[in-house]
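I have placed the structure first, in the form of structure tokens, so that the comments after it can refer back to it.
The values are calculated or read from the model by the stated rules, or taken from the named source; none is laboratory data. Predicted model only: the values in this text are computed from it and were never measured. All Cβ positions, even for glycine, are placed from backbone atoms using ideal geometry, and neighbour counts span all protein chains on display.
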């Protein structure tokens with residue numbers, strides 16, 4: 001089996017022509033983007049999109065070259081998914097699940113080569129799609145452990161499969177299902193069975209009516225004593241042998257689904273446009289720590305004030321991005337962090353924006369921020385009765401201590417600890433918190 005899979009991979013001598021593949025994907029974007037709102041509104045499945053993908057030769061993108069596909073790697077596949085996602089994320093999600101299946105089966109030692117060839121040929125010749133069904137109403141996702149209720153009973157004529165799967169992405173168009181189930185043996189085994197769509201006993205229950213990805217057809221699929229050929233068993237193991245996930249599948253799933261988010265995502269609004277100068281990260285210490293270790297608390301406060309003062313200077317931002325990018329800090333690309341810190345950034349819609357004040361840094365604990373937070377806790381019923389906003393704010397936000405440290409360090413702290421500001425265009429006066437709470441039409445019912 002291992003030799004057969006290696007043989008398939010070794011014959012992939014000509015990689016996919018990346019420029020041509022990308023060009024084909026881009027040519028599909030206008031039509032997909034035009035149809036997407038209609039399918040989203042009607043909760044209808046975009047069948048024509050997949051016909052177009054088939055005719056463009058893109059359904060077999062991750063099928064090995066030796067079996068008639070493009071043999072695309074993860075990088076090219078992710079780029080294609082990002083392009084399709086920008087036009088129609090529902091189509092991209094179904095496509096990603098299909099791509100994952102073929103990508104993994106060509107590299108997984110335990111996947112039966114005969115079934116892999118059958119599925120590859122079906123994809124290349126007639127555009128057949130496949131996805132794995134794992135999630136169930138009672139079990140939820142099997143990634144959290146537990147045995148599925150879907151059961152496969154071995155008989156002389158084949159496996160008989162019964163169960164109920166949910167979130168079955170692409171259900172209306174799939175030709176094949178890879179179904180997660182347990183056997184009825186004395187010591188149950190756990191694994192996947194290859195099931196052809198449309199067999200007697202299979203029914204699709206159109207339950208998918210969510211606010212997002214409405215055209216993904218992620219309906220329930222019910223199996224009622226469905227006969228599956230004995231040789232359509234993909235892989236069965238003892239439950240404990242499934243504890244280690246297939247690393248290839250884990251990696252490409254993250255990469256391919258992540259590519260969809262990248263394709264869909266754009267910056268709709270910056271947080272500063274909601275609340276300019278809003279509080280973000282905070283340093284909290286218990287009263288016990290402050291009183292029992294005053295020198296340590298003072299040193300920490302000085303460090304935070306010093307770092308914040310350094311970060312507030314635009315000339316230092318690129319150096320900061322480089323310093324915090326490694327895995328032991330933010331674990332993000334330097335370029336991404338530079339875009340955030342310097343304010344020159346891509347908006348996700350093909351444009352580049354410049355706003356040196358996209359983020360700013362201020363070490364002073366404005367007590368008016370605490371008052372605003374308390375008004376929201378009051379608004380939503382998290383605190384009851386009368387609230388002495390000022391007393392609570394001054395007890396928690398240690399403005400006096402911070403002002404003293406800033407002065408010692410040669411910085412100029414604000415003279416007052418309260419200031420007015422606006423949140424979502426609504427002015428906030430910290431001296432009138434009850435009026436502010438009362439001004440909201442939407443709040444928790446008393």
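See the values below:
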item: Filtered residue count, the range 52-82, keeping only those that are within 15 Å of residue 27 (Cβ to Cβ), part of a helix (DSSP H, G or I) and modelled with pLDDT of 95 or more; result: 5
item: Residue among 336, 252 that is surrounded by fewer than 15 Cβ atoms within 10 Å (Cβ to Cβ) and assigned to a helix (DSSP H, G or I); result: 336
item: Test result for residue 150, touching a helix residue (DSSP H, G or I) at 6+ places or on another chain (Cβ under 6 Å) and touching a residue at least 24 places away in the same chain (Cβ under 8 Å); result: no
item: Filter result for residue 360 (assigned to a loop (DSSP other than H, G, I, E, B) and under 29 Å from residue 314 (Cβ atoms)); result: yes
item: 1 or more residues within 30 Å of residue 38 (Cβ to Cβ) and not assigned by TED's automatic domain parsing to the domain that holds residue 109: qualifying strands (runs of 3 or more DSSP E) within the range 187-242; result: 202-205, 219-228
item: Scan of the range 299-315 for residues that are in a loop (DSSP other than H, G, I, E, B) and touching a residue at least 12 places away in the same chain (Cβ under 8 Å), ordered by number; result: 312
item: Flag if residue 391 is modelled with pLDDT of 95 or more, outside any loop (DSSP other than H, G, I, E, B) and farther than 19 Å from residue 279 by Cα; result: yes
item: Residue that is farthest from residue 405 (Cα to Cα), among those in the range 320-333 that are in contact with a helix residue (DSSP H, G or I) (Cβ under 9 Å, 6 or more places away or on another chain) and in a helix (DSSP H, G or I); result: 322
item: Hey, residue 144 surrounded by fewer than 22 Cβ atoms within 10 Å (Cβ to Cβ), touching a helix residue (DSSP H, G or I) at 6+ places or on another chain (Cβ under 8 Å) and under 21 Å from residue 241 (Cβ atoms) or not; result: no
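Conditions (1) touching a strand residue (DSSP E or B) at 6+ places or on another chain (Cβ under 9 Å); (2) more than 29 Å from residue 264 (Cα to Cα), marked per residue:
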site: 95; (1), (2): no, no
site: 99; (1), (2): no, no
site: 111; (1), (2): yes, yes
site: 122; (1), (2): yes, yes
site: 132; (1), (2): yes, no
